[in-house]
Amino acid sequence: QVLLVESGGGLVQPGGSLRLSCTASGTISSIHAMGWYRQAPGKQRDLVATITSGDTSNYVDSVKGRFTISRDHVKNTVHLQMNSLKPEDTAVYYCNADIRSLRTIRTGNYWGQGTQVTVSS
């Protein structure tokens with residue numbers, strides 16, 4: 001079984017910063033792309049940023065220059081550093097990863113449980 005567990009959400013004032021982390025655990029053979037998505041109330045879940053196994057990153061236009069995605073390959077962890085936060089960044093943030101299981105030797109797509117980020121004064 002593979003699990004993704006996020007941490008680091010919370011309440012922050014506009015212009016502030018937060019760092020989200022997501023760690024994959026379980027019977028893991030390898031991890032391919034990892035990413036972060038977000039879902040605001042009443043809206044669909046949207047892509048925020050992704051990072052490949054070779055550390056190539058990609059961002060949605062609205063967060064470019066403010067958010068940075070990074071990986072720790074040894075700890076099976078992906079981070080999202082969020083700076084200059086705006087009220088419109090308020091959402092539940094979900095970690096996502098393509099993980100090859102050591103047990104089944106198949107690659108599946110996995111989601112974390114989500115962590116709330118609220119940007120408000």
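The values are calculated or read from the model by the stated rules, or taken from the named source; none is laboratory data. Just so it is clear, the model here is predicted, and its values are computed rather than measured. Ideal geometry is used to build each Cβ from the backbone, glycine not excepted, and the neighbour counts take in all protein chains shown. Ligands, DNA and RNA are excluded from the accessible area calculation, which covers all protein heavy atoms including side chains. Shrake-Rupley method; radii C 1.70, N 1.55, O 1.52, S 1.80 Å.
The requirement of being more than 14 Å from Glu6 (Cβ to Cβ), among the hydrophobic types (A, V, I, L, M, F, W, C) and either at pLDDT 95 or above or open to solvent by less than 40 Å² (accessible area, probe 1.4 Å) (or both) is not satisfied by Val92. Comparison of Thr56, Thr52, Thr68 shows that the only residue that is within 16 Å of Asn109 (Cβ to Cβ), within 15 Å of the chain's Cα centre (by Cα) and without any contact (Cβ under 8 Å) to a residue 24 or more places away in the chain is Thr52.
Of the strands (runs of 3 or more DSSP E) that lie entirely inside segment 24-121, those containing 1 or more residues that are in contact with a Leu (Cβ under 8 Å, 6 or more places away or on another chain) and farther than 19 Å from Leu11 by Cβ span 28-39, 45-51, 67-72, 77-82, 91-101, 107-111. Given the structure, is Val12 of a type in the set (A, V, I, L, M, F, W, C), more than 18 Å from Val117 (Cα to Cα) and over 11 Å from the mean Cα position of the chain (by Cα)? No.
Among the residues making up segment 63-82, a single one is open to solvent by less than 30 Å² (accessible area, probe 1.4 Å) and hydroxyl-bearing (Ser, Thr, Tyr): Thr77.
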